[in-house]
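Working notes, structure below.
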Amino acid sequence: MKAKLIDEAKKLAKAQSLGKDFKDVAIYIIYCNRTDYFYVDTNGFVRLWERFIGYYSNGVFYNA
């Protein structure tokens, strides 16, 4: 999923991390400099043009 604002990305990641399918799975928030979007995904791979913001696990945010 992608979001234009950091708050929107955090809401999406928190909602996803509280779901039954993602229990004990990290949901990463990554900012892409090329597209100016925040991406929410279970894949924590960060490319050179991206910046790791943090991740949610079971509804708790962990800052980078």
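The values are calculated or read from the model by the stated rules, or taken from the named source; none is laboratory data. Model, not experiment: these values are computed from the prediction. All Cβ positions, glycine included, derive from the backbone under ideal geometry; neighbour counts span all protein chains shown. Please note that ligands, DNA and RNA were not included when accessible areas were found on the heavy atoms of the full protein model with its side chains. Shrake-Rupley method; radii C 1.70, N 1.55, O 1.52, S 1.80 Å.
Observations on the structure shown:
- Residue count for segment 10-30, restricted to those that are over 11 Å from TYR56 (Cα atoms) and either out of contact with any strand residue (DSSP E or B) (no Cβ under 7 Å at 6 or more places or on another chain) or in contact (Cβ under 8 Å) with a residue 24 or more places away in the chain (or both): 3
- Matching residues in segment 24-46 - criterion: being farther than 14 Å from GLU8 by Cα and over 8 Å from the mean Cα position of the chain (by Cα): ASP24, VAL25, ALA26, CYS32, ASN33, ARG34, THR35, ASN43, GLY44, PHE45, VAL46
- Filter pass, LYS2 being touching a strand residue (DSSP E or B) at 6+ places or on another chain (Cβ under 8 Å), in contact (Cβ under 8 Å) with a residue 40 or more places away in the chain and open to solvent by 60 Å² or more (accessible area, probe 1.4 Å): no
- For segment 31-41, a residue qualifies if it is closer than 19 Å to ASN63 by Cβ and open to solvent by 60 Å² or more (accessible area, probe 1.4 Å), and the qualifying residues are TYR39, ASP41.
- Here TRP49 passes the criteria (1) open to solvent by less than 70 Å² (accessible area, probe 1.4 Å); (2) more than 10 Å from the chain's Cα centre (by Cα); (3) not aliphatic (A, V, I, L, M) except the one numbered (1).
Here is a yes/no grid of residues against (1) exposed (fewer than 15 other Cβ atoms within 10 Å of the Cβ); (2) acidic (Asp, Glu); (3) at pLDDT 95 or above; (4) touching an Asp or Glu at 6+ places or on another chain (Cβ under 9 Å):
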site	(1), (2), (3), (4)
LYS10	no, no, yes, no
ASP21	yes, yes, no, no
ILE29	no, no, yes, yes
GLY44	yes, no, no, no
TYR62	yes, no, yes, no
